[in-house]
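Peer 1: Below is the structure I would like to discuss, written out as structure tokens.
Read the figures in this text as sums done on the coordinates, not as results from a lab. Keep in mind it's a predicted model, so treat the numbers as computed, not measured. Cβ sites come from the backbone with ideal geometry, for glycine too, and all protein chains shown count toward neighbours.
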Amino acid sequence: MASSTPSITETPMKSSMTLEDIIEDSPDASKYDRSCVASTTSPLDAESEADEETAVEAGADMMEENTDETPVEAGIDILEKAKVKAGIDMPGKINAVSTIPPDKYNKFRGERVYVIEEWKSDIILCMHGLDERIIHFFVSRDVLWLSSPVMRRLLVSHAQEYPFDAEDDMEKTCMTCECPEGSRAMHLDNEDPEIFLKLLQIVHHKPDAGLLDANFDTIIRIAINCKKYQLHQAILPWEQIWVGKYLKHILEPGYENWLCIGEVFDVEDKLTELIEVLAEECSITYKQQSSGRVYVLRYQMKVFVDLWPIKYLDRVLTERAVRVQRLTNTIKELNDILQSSQNICSQEACKNLSYGSLVRSIKAAGLWEIAEGRGSWHGSATKLSKIMSRFNFMTSRDLWPNHKCHCVALREKFKAYTKEGYSFYSTDWSASGLSEE
């Protein structure tokens, strides 16, 4: 990346040091984050090596002067000041110096990330961030060509728009990318540059060791970018690690977004059970007023569904509606039967006891409009089933154990359906089979 700082008289070259040596010699060495620091072996000519050593030595001097700064920012400023003091750009060592804008998760707001990698760079990806800043990734064109069909198409179209054999540097790159003079560059829009960097590191064989223990949120973001750029085959070994870690939790709350990444990671066969569980445990969809995002409630927790493929969201909501409809139909039909003049019991007292206890239970649960066919249930099928299982539906058998009638049969069927919670269709409640006494 071209230096934007003025050239200053170079310091005489001293003994060879690496950036890692500088950090180790620092009084605050234990505080520095080495996750973005890598030793490099890029070949340089004699002059560039001398310049590099001068810059490193300058960096060591700066380190001694700035030990009071916070570790990460101090390391960043030291490296930048070293370049200013030496008046060089160190293109063979520093392959990307980037300021990452706040992404949509707002987890990296304001952090400056300097990327120092080994891979040989012959093209710059200029990523246009959400806040109009531009992030430069120095990468290998051949690696991108082999890793991603999407990148391959972009490289072809880019080469046609900005020919490699153009004589004027201004004709070789997009004017808005602010790339170093004479560099090959291609611009790219991406909402999550921090995750995109991790994917670039994987395909360039310089992965971050922290990816072995990446959290589920990071895996989701990786899967989204992986699908966008068709990098599935390129990161296959890593996918197997993540699937092995998180697939066992697929049915647990907090892992609903397996619906989003299941296709990317080739575990679609495991999604059927997840869809069935969500159909039982999720509410209807709601829209958050502040953000406009759509969500469902699962055990009173908001689960945003904007990452779910439409086909899976439709299946969850459709199967939920079927389950809820069967339960609400049971309430309505039972209420209608007990109100009717059907001969369900020869004892009027038993009929009154059954109907009265059912009505009180329905009203206490706030389901009377549903019983009359005027309302609908917005919660989960699981919650509705539990509410119905607590109905105090009484018959004369509660007073006389040997009493038998159709009311008793109705109650036993009702308890079985609500207790088991399985799917069922409307039944002919008037079927005979129990003698009355």
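Peer 1: Which of 345, 260 has the fewest other C-beta atoms within 10 Å, and how do the rest follow up to the most? Don't jump to the answer; show the numbers that get you there.
Peer 2: Numbers: 345 24, 260 18.
Fewest to most other Cβ atoms nearby, the residues stand as 260, 345.
Peer 1: What are the extents of the Cα atoms of region 212-308 along their three principal axes, listed from largest to smallest and rounded to whole Å?
Peer 2: Rounded to whole Å, the extents work out to 38, 28, 22 Å.
Peer 1: Which order do 137, 304 fall in if you start with the one that has the fewest other Cβ atoms within 10 Å? Show your work: numbers first, answer last.
Peer 2: Values: 137 24, 304 14.
Arranged by neighbour count, lowest to highest, 137, 304 become 304, 137.
Peer 1: In addition: Would you please give the residues with an amide H less than 5 Å from that of residue 184, counting only those at least 5 places away or on a separate chain, with H modeled from the backbone geometry?
Peer 2: Amide H to amide H, under 5 Å and 5 or more residues apart or across chains, residue 184 pairs with 124.
Peer 1: Can I ask one more? Any chance you could tell me what percent of the C-alpha pair distances in region 252-303 go past 14 Å? Please report the intermediate quantities before stating the final value.
Peer 2: Values: 741 of 1326 pairs.
Above the 14 Å cut-off, region 252-303 has 56 percent of its Cα pairs.
Peer 1: Sort 301, 151, 394 so that the residue with the fewest other Cβ atoms within 10 Å of its own Cβ comes first and the one with the most comes last. Please report the intermediate quantities before stating the final value.
Peer 2: Values: 301 11, 151 23, 394 19.
By the 10 Å Cβ count, ascending: 301, 394, 151.
Peer 1: In whole Å, what three semi-axes, largest first, describe the equivalent ellipsoid of region 327-420 built from its Cα gyration tensor (square root of 5 times each eigenvalue)? Walk me through the numbers on the way to the answer.
Peer 2: Numbers: eigenvalues 106, 40, 22 Å².
Here the semi-axes work out to 23, 14, 11 Å.
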